[in-house]
1. What are the pairs, 6+ residues apart or on separate chains, where a residue within region 64-93 that is among the acidic types (D, E) has its Cβ under 6 Å from a residue that is at pLDDT below 90?
2. In this structure, does T110 turn out to be part of a helix (DSSP H, G or I), surrounded by 19 or more Cβ atoms within 10 Å (Cβ to Cβ) and touching a helix residue (DSSP H, G or I) at 6+ places or on another chain (Cβ under 7 Å)?
3. Within region 119-137, count every residue that is surrounded by 16 or more Cβ atoms within 10 Å (Cβ to Cβ) and not in a loop (DSSP other than H, G, I, E, B).
4. What's the total number of residues in region 99-113 that are under 28 Å from K15 (Cβ atoms), aliphatic (A, V, I, L, M) and modelled with pLDDT of 90 or more?
5. Within region 132-148, how many residues turn out to be more than 15 Å from L72 (Cβ to Cβ) and aliphatic (A, V, I, L, M)?
6. So which residues in region 138-159 are in contact with a strand residue (DSSP E or B) (Cβ under 9 Å, 6 or more places away or on another chain) and open to solvent by 90 Å² or more (accessible area, probe 1.4 Å), if there are any at all?
7. Condition test on K18, is it modelled with pLDDT of 95 or more and open to solvent by 40 Å² or more (accessible area, probe 1.4 Å)?
8. If you take the residues in region 55-80 that are at pLDDT 95 or above and under 21 Å from R109 (Cβ atoms), which one is most open to solvent (accessible area, probe 1.4 Å)?
Amino acid sequence: MKIYHGSNVEVREPKILKSNRALDFGTAFYMTSDYEQAKKWAHLTTGRKKSGTPTVNEFEFDDEHIDKLEILRFGSADREWLRFVSACRSEQRNGEEYDIIIGPVANDRTFDVISLYLIGVYDEDEAIRRLLPFKLKDQYAFKSEKALELLTFKRGIYV
């Protein structure tokens, strides 16, 4: 299956790098199956780093061997997803017991809902109710070297 990583550079050899900000599923190499989402990430990363060229890196993901990995999969932005993302974003957990975590992206539009949930303005029910209308793209957080071995770089696309 094709899968994409948006960056400010071509990434032929993916690495798990510690971010300077809390992410949805903790420290990982993040990808998506949605080309447009990767393109958006490429522009955001280039703007944040103020260097490079927005680049969508296309990989082939060998999902035939996925059964040999510890996978956590969220099908939607539900209670379990909200709890997990909130714990990672508040740095209470990192999900390091998994090789890959798959689920919706908490994007710019959902950030306010999650922030208000974290400070107690919204309870779980209200946060979920407010998240339901969003059509969230997917993200794949590759959290182990074993998981990264299932990726084969195909090409970098300058966007």
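The values are calculated or read from the model by the stated rules, or taken from the named source; none is laboratory data. This structure is a prediction, so every number in the text was calculated from the model and none was measured. Because the Cβ atoms are built from the backbone with ideal geometry, glycine has one as well, and the counts that use them run over all protein chains shown. Protein only, heavy atoms only, side chains kept; ligands, DNA and RNA dropped before computing areas. Shrake-Rupley method; radii C 1.70, N 1.55, O 1.52, S 1.80 Å.
1. Short answer, once both residue conditions are applied: E91/A22.
2. yes
3. So the answer is 4.
4. Within region 99-113, the first condition is being under 28 Å from K15 (Cβ atoms), and the residues that meet it are 99-108, 110-111.
Applying the additional criterion that residues be aliphatic (A, V, I, L, M) yields 100-102, 105-106.
Narrowing the set further to residues that are modelled with pLDDT of 90 or more leaves 100-102, 105.
Looking only at that region, the number is 4.
5. Narrowing region 132-148 to residues more than 15 Å from L72 (Cβ to Cβ): 132-137, 145, 148.
Remaining after also requiring aliphatic (A, V, I, L, M): 132, 136, 148.
Matching residues across region 132-148 total 3.
6. So the first thing to find is which residues in region 138-159 are in contact with a strand residue (DSSP E or B) (Cβ under 9 Å, 6 or more places away or on another chain), and the list is 138-144, 147-148, 150-159.
The answer is K154, R155, Y158.
7. Working: modelled with pLDDT of 95 or more: no; open to solvent by 40 Å² or more (accessible area, probe 1.4 Å): yes.
No.
8. Taking region 55-80 first, the residues at pLDDT 95 or above are 55-61, 69-74, 80.
Within this subset, residues satisfying the condition of being under 21 Å from R109 (Cβ atoms) are 74, 80.
Details: F74: 23, E80: 98 Å².
Applying the filter and picking the extreme gives E80.
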